[in-house]
Amino acid sequence: MEDLRILVKCCLEDDHAAMLALVDRFRGRVYGLCYRMLSNREDAEDAVQETFVRVLKNLAKWDSNRDFEPWLFAIAGNRCRTALAKRRRRPASYTIVEPLPDARPDEQAAKELTEEVQLGLQRLRPDHRQAFVLFHQHELTYEQIAEAMSRPLGTVKTWIHRARGELIRFLQEREVVQESSYAMRRV
Amino acid sequence: MQCAEFEIRLQDALDRRIDPESDDRLVDHAERCEACRHVVYGQRLLLDGLRVQAEPPCSSHIGHQVLDRLASDSARRTRRRRLVFALAIAVALFVAVLPFARGPRADTATARPSAKVLAIATVPQPPLPKPTMTAGETEEFRLLIRQLLDQVSLRPLEGFESVDRVAGKSIRPLAITFHFAFDTLRRTLPGQGSAEPTHPQARSLRSDAASPII
Ligand SMILES: [Zn+2]
């Protein structure tokens, strides 16, 4: 956290190397969220770029006594929702999920599962999807997600529970969850 | 355990990032109840699907693209600020010279009211405030304004030209517009030698006179 504060301080002094370092440090995680939200590489990269432009312009507003990531993901989430709203206004049909590169046969099942999960995520409401991805993929706490999304903790919790339920129903409908083959394992 | 209790307990385990299959009570129920077993299985698949890196890698050029965007945004803000500054100066100059431009006309061109009008207008007028400048000071101020107008109307306005270069052909060039405005003001000042007006379209600001006035 201390090194992050120093990095931010250098960015505020218009140090370009520090700015590049800040983008480099968080671009993967921001891109992860944007790709999960938008399911399209180009749109996700645009959203990442927009996010960091806003982050660097508004860096002075970040309260250094608080976590950086919820603040960062709040901006990224807003950019993604704006991109989704623009997409809804676009009349043309849209590629929902980009296919992943071909995998070896033993990786095929994992690849298909990942694509199904991504497809299921697209069926969720954007705010449910964002909360779910921040919890399960980015491992933010409920408190951090509530802060990032400016919503009460109870609301965020309900959204994530609903998202889990809807995704499991989706996987069942798509017959990804098959009845006969599964036995419980005690861990 | 009933299915409803199972559901709550399962969500609680997931909220605490605990594997549901490490909870004996959940496993006991799921072994007996097919519907809940499917939920546990679905949950496991879901988390496995998320754990695999789904997204293609993010471009490593993002950082430089962000810096380029910041630089162009900053340049655009600077241009806008310059334009506002130039307009503010022009307005201030215009306001400053306006009373002097109107001065002589008020003396010579205003018609005297007829006796009838004077008779109707019976409301007594308050006395005019005394001028705060002496005649000598006023004359000195007038000379200064004239010198200033001579300067700005005899050569193109450099500040505006830089704005015009940016604006391109989207608006009438500000340098030309303000040049003629100042030239006209200079000619209307009292005591100005040349009474012959110059038609705006007959003049060009540029020595090569290559580009027509838009
Ligand atoms: Zn049950």
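The values are calculated or read from the model by the stated rules, or taken from the named source; none is laboratory data. Note that the coordinates shown come from a computational prediction; the quantities given were computed from them, not determined experimentally. No Cβ is skipped: glycine too gets one built from the backbone with ideal geometry, and neighbour counts run over all protein chains shown.
Residues checked against (1) modelled with pLDDT of 90 or more; (2) among the aliphatic types (A, V, I, L, M); (3) surrounded by fewer than 17 Cβ atoms within 10 Å (Cβ to Cβ):
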{"position": "B:Phe6", "(1), (2), (3)": "yes, no, no"}
{"position": "B:Glu21", "(1), (2), (3)": "no, no, no"}
{"position": "B:Arg25", "(1), (2), (3)": "yes, no, yes"}
{"position": "B:Asp48", "(1), (2), (3)": "no, no, yes"}
{"position": "B:Pro57", "(1), (2), (3)": "no, no, yes"}
{"position": "B:Ser60", "(1), (2), (3)": "no, no, yes"}
{"position": "B:Arg76", "(1), (2), (3)": "no, no, yes"}
{"position": "B:Ala86", "(1), (2), (3)": "no, yes, no"}
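Taking the stretch B:40-56, which residues are more than 8 Å from every other protein chain (Cβ to nearest Cβ) and outside any helix (DSSP H, G or I)? Spell out the reasoning first.
Just the residues of the stretch B:40-56 that are more than 8 Å from every other protein chain (Cβ to nearest Cβ), to begin with: B:44, B:51, B:53.
Passing the criteria: only B:Gln53.
Residue-by-condition table, conditions (1) within 16 Å of the ligand (Cβ to nearest atom); (2) in contact with a His (Cβ under 9 Å, 6 or more places away or on another chain); (3) among the acidic types (Asp, Glu); (4) assigned by TED's automatic domain parsing to the domain that holds B:Arg165:
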{"position": "B:Asp19", "(1), (2), (3), (4)": "no, no, yes, no"}
{"position": "B:Arg25", "(1), (2), (3), (4)": "yes, no, no, no"}
{"position": "B:Glu31", "(1), (2), (3), (4)": "yes, no, yes, no"}
{"position": "B:Arg44", "(1), (2), (3), (4)": "no, no, no, no"}
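Mind listing whichever residues of the stretch A:26-50 are surrounded by 15 or more Cβ atoms within 10 Å (Cβ to Cβ), more than 7 Å from every other protein chain (Cβ to nearest Cβ) and of a type outside the set (Gly, Ala, Ser)?
Those that are surrounded by 15 or more Cβ atoms within 10 Å (Cβ to Cβ), more than 7 Å from every other protein chain (Cβ to nearest Cβ) and of a type outside the set (Gly, Ala, Ser): A:Phe26, A:Arg29, A:Val30, A:Leu33, A:Cys34, A:Arg36, A:Met37, A:Leu38, A:Asn40, A:Asp43, A:Asp46, A:Glu50.
Given (1) away from the ligand (no atom under 16 Å from the Cβ); (2) at the interface with another protein chain (Cβ under 7 Å from one of its Cβ atoms), where does B:Ala71 come up short, assuming only one miss?
Looking at each condition in turn, B:Ala71 falls short on (2).
Look through B:Arg37, B:Arg9 and report the one residue that is within 16 Å of the ligand (Cβ to nearest atom), more than 10 Å from chain A (Cβ to nearest Cβ) and not in a loop (DSSP other than H, G, I, E, B).
Working: B:Arg37 fails: more than 10 Å from chain A (Cβ to nearest Cβ).
Going through B:Arg37, B:Arg9 in turn, the sole match is B:Arg9.
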